[in-house]
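Each reported figure results from applying straightforward, stated rules to the coordinates on display, with no laboratory input. These numbers were taken from a predicted model, which means no experiment stands behind them. Ideal geometry is used to build each Cβ from the backbone, glycine not excepted, and the neighbour counts take in all protein chains shown.
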Amino acid sequence: MHLDGYGCAGTNAVSYGLACLEMEAVDSGLRSLVSVQGSLAMFAIHAYGSDEHKDEWLPGMATGAQIGCFGLTEPDFGSNPAGMRTVARRDGDDWVLNGTKLWITNGSIADVAVVWARTDDRIRGFVVPTETKGFSANEIHQKLSLRASVTSELVLEDVCLPGRAVLPGVAGLAGPLGCLNEARFGIIFGALGAARDSLAVATDYATTRKVFDKPLAAYQLDELRTSPEDDPRTNYQDDPRIDSQDDLISSLQARRARGWDASGRDLLPGHAIPAPHPAVPRTPIRSQATARRRRTTSISGAPDVSLIPNVSSLSNPG
Ligand SMILES: Cc1cc2nc3c(=O)[nH]c(=O)nc-3n(C[C@H](O)[C@H](O)[C@H](O)COP(=O)(O)OP(=O)(O)OC[C@H]3O[C@@H](n4cnc5c(N)ncnc54)[C@H](O)[C@@H]3O)c2cc1C
């Protein structure tokens with residue numbers, strides 16, 4: 001949504017961040033889907049792709065009609081992508097890709113994958129239509145978090161691509177790392193959205209849940225005790241540092257947000273642990289705020305999953 005042209009919204013950074021914040025307040029998986037689509041897959045094509053790549057993919061991806069994924073991480077190389085084993089070798093004018101990517105958001109629903117592979121000329125990015133012979137994606141099931149987003153393994157077995165499939169605008173790790181930096185900004189804001197939601201759910205619970213005939217909030221609550229500067233609602237819009245895509249700020253904000261997520265969960269011991277999850281397909285986004293206002297304390301029927309504080313996974317790149 002922050003990219004220009006090709007039907008993209010061209011928003012400024014703060015608007016993009018606030019949209020990520022609101023999406024992650026609904027579910028971290030929803031923000032993850034959008035970050036990977038816009039800041040990883042579309043950004044890679046927008047920043048490093050040929051005019052042909054941009055014309056072919058960006059308009060459809062901007063509307064969501066086409067979904068993209070970003071294949072960098074491998075089973076043995078996550079934090080250190082420089083060690084990647086996926087390889088692209090020349091075969092005449094074509095490229096042939098072989099390798100495996102793991103933990104790829106949107107992988108098995110994607111129309112196009114931006115895949116990073118080792119070549120004779122450093123690491124390069126490739127635009128891979130997922131219908132290409134030899135490409136397959138296996139969805140990872142039984143996840144304990146980010147369950148509202150799709151996470152997959154990508155397998156590339158002699159995937160033959162035309163010479164023009166390579167992203168011409170970048171070589172080396174600067175390519176994928178540039179995309180990760182682009183995504184980091186939305187992730188910082190997203191973490192604050194998850195924290196805000198946790199705080200709202202916990203506060204709501206504390207003021208309506210009666211324990212020993214009084215609302216929980218009438219007692220001193222260790223679970224929510226924290227310093228004012230840790231409050232995720234504190235002036236994030238006015239903080240000049242928030243414009244910087246600095247790792248330190250990212251990690252600081254994420255740490256604060258995770259603290260609030262954990263505090264919120266502490267306050268809802270029983271309600272925070274059921275397996276059912278407010279996944280987007282089961283609980284339309286529109287109805288979540290309404291659902292959250294409902295109070296269900298029964299443990300015999302289906303739990304009101306809307307009471308479960310948002311669980312933010314801050315380690316994934318999208
Ligand atoms: C839900 C989800 C979605 C994801 N989506 C994508 C995607 O769309 N595309 C994609 O390419 N990847 C994706 N990833 C992968 C993600 O980028 C990796 O999980 C991440 O890079 C970490 O790699 P790893 O899991 O191999 O952990 P490891 O590299 O094994 O690291 C394990 C731990 O060690 C720490 N660590 C690593 N190096 C050091 C060091 N030098 N000093 C101290 N500590 C260190 C790490 O911070 C981490 O806590 C996703 C992951 C998740 C969980």
Counting only residues 5 or more apart in sequence or on a different chain, those whose built amide H sits under 5 Å from that of residue 102 are 73, 74, 154
Along the stretch 158-163, Karplus-curve 3J(HN,Hα) (6.51, -1.76, 1.60; θ = phi - 60°) to the nearest Hz, with x for Gly and Pro, reads 6, 6, 9, 10, x, x
Partner lysines whose C-alpha sits under 25 Å from that of residue 143, ignoring same-chain residues fewer than 8 away, are 101
For the pair residue 121 and residue 11, the simple spin-label estimate (label points 7 Å beyond Cα toward Cβ) gives in nm 3.7
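Determine, for each peptide in 125-136, 157-168, the mean count of other beta carbons within 10 angstrom over its residues, then list the peptides with the highest first.
Top of the packing list down: 125-136, 157-168.
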Inter-part gap, Cα centre of the stretch 93-135 to Cα centre of the stretch 163-217, in whole angstrom, is 27
Computed ³J(HN,Hα) along the stretch 27-37: with the Karplus parameters 6.51/-1.76/1.60, θ = phi - 60°, integer Hz and x for glycine or proline, the list is 6, 4, x, 5, 5, 4, 4, 6, 4, 5, 4
